Amino acid sequence: MPEIHALANYHCVCGENPLWNDRDCHIYWEDIPAGKLFRADPKTGRHECFFTSDSPIGGFTFQDDGDLLLFQNDKIARLDTNGKYAVLKSGIDPVMTRFNDVIADPEGRVLAGTMSNDPLAGGLYRVERDLTITKLFSGTGCSNGMGFTPDLQRMYWTCSTRRKIYLFDYDRRTGSLHNERLLYAAPPGEGIPDGMTVDTAGNLWTTRWDGYAVLKLSPEGKFLDKIPFDVAKVSSCVFGGENLDELYLSTAGGKEASESADGTLYRMTGIGARGTKEFRSRIGI
């Protein structure tokens with residue numbers, strides 16, 4: 001049976017985007033509205049908040065040169081290894097509230113979702129290595145978790161607004177997505193599909209906002225397992241650890257000076273699955 005361990009509790013209002021750094025063997029994550037970035041060393045248990053922005057951080061990637069690429073409210077910025085912050089592009093989409101959940105692809109591009117107060121105005125963008133930005137589609141209020149199949153021929157995308165996970169054919173050469181089809185629709189009472197990751201067998205691990213759980217789905221979208229949590233808003237997950245056989249999960253709903261577990265970053269062991277290394281972006285490199 002999997003074991004769930006609380007790794008760090010910063011009482012995140014919206015803890016998100018856990019991302020394993022295979023170079024320093026630390027797990028990184030964020031509190032979106034607070035604009036804070038955190039990292040923890042699972043071996044020692046030490047953790048810290050190492051950066052605070054004056055605007056929300058909706059997602060981030062590791063660049064191949066070690067910098068972090070930050071996706072904020074209508075802007076993309078770089079945080080270099082010396083802590084220097086620079087905006088690379090702004091004014092991307094005036095109707096977005098902010099970016100939400102991003103993923104680097106095998107060629108160093110980034111696929112970046114957006115949120116909007118208009119339930120049809122949010123969508124998904126592709127950011128090329130030269131910072132050219134293409135809107136792939138709209139039609140959601142909250143674009144969410146993504147992941148690639150092990151053969152890199154397809155990509156999953158989560159629409160929290162519709163409570164559905166979709167599958168696309170993915171062209172690695174161009175970064176284009178096509179042939180959208182429904183993979184999974186969350187039934188009433190299950191919670192809202194949020195962040196996700198994919199294991200080496202092609203199974204999806206998909207978290208549930210207000211669902212107290214992370215679910216395991218087959219590559220065909222068949223329900224396989226449900227692992228319950230004590231906190232309601234399980235927001236995202238990623239494989240990590242030296243053998244990529246641990247699952248790190250962010251949660252939300254925390255309040256400063258609270259004694260609750262909401263907003264804790266968790267580490268799950270004994271899950272009987274392994275992930276692959278997340279891709280690094282190469283924007284501007």
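Got a number for residues in region 172-188 being at pLDDT 95 or above and either surrounded by 13 or more Cβ atoms within 10 Å (Cβ to Cβ) or farther than 30 Å from Thr132 by Cα (or both)? Qualifying residue count for the region: 9.
Taking the listed residues Phe99, Phe62, Phe71, the one that is within 27 Å of Val198 (Cα to Cα), in contact (Cβ under 8 Å) with a residue 60 or more places away in the chain and aromatic (Phe, Trp, Tyr) is Phe62, with no other qualifying. Of note, Thr61 does not satisfy the criterion of being outside any strand (DSSP E or B) and polar (S, T, N, Q).
Quickly run through region 90-106 and pick out the residues that are on the phi > 0 side of the Ramachandran plot and either surrounded by fewer than 18 Cβ atoms within 10 Å (Cβ to Cβ) or in contact with a Cys (Cβ under 6 Å, 6 or more places away or on another chain) (or both). The answer is Gly91, and nothing else. Can you tell me which residue within region 1-42, out of those that are of a type in the set (Val, Ile, Thr) and surrounded by fewer than 22 Cβ atoms within 10 Å (Cβ to Cβ), is nearest to the chain's Cα centre (by Cα)? Top of the filtered list is Val13.
Of the residues making up region 78-95, those that are β-branched (Val, Ile, Thr) and in a loop (DSSP other than H, G, I, E, B) are Thr81, Ile92, Val95. Pick from region 190-212 the residues that are buried (at least 22 other Cβ atoms within 10 Å of the Cβ) and among the polar types (S, T, N, Q): which of them is nearest to Asp151 (Cα to Cα)? Of everything passing the filter in region 190-212, Thr197 is nearest to Asp151 (Cα to Cα).
Within region 255-281, the residues that satisfy the criterion of being over 18 Å from Val214 (Cβ atoms) and buried (at least 19 other Cβ atoms within 10 Å of the Cβ) are Phe279, Arg280, Ser281.
Condition (residue is touching a Gly at 6+ places or on another chain (Cβ under 9 Å), closer than 14 Å to Ser143 by Cβ, among the basic types (Lys, Arg) and in a strand (DSSP E or B)) applied to region 97-108: is it met by at least one residue? Yes, the conditions are met somewhere in region 97-108.
The values are calculated or read from the model by the stated rules, or taken from the named source; none is laboratory data. Keep in mind that what you see is a predicted model, and the values were worked out from it rather than measured. A quick note on method: Cβ atoms are made from the backbone with ideal geometry, for glycine too, and the neighbour counts reach across all protein chains shown.
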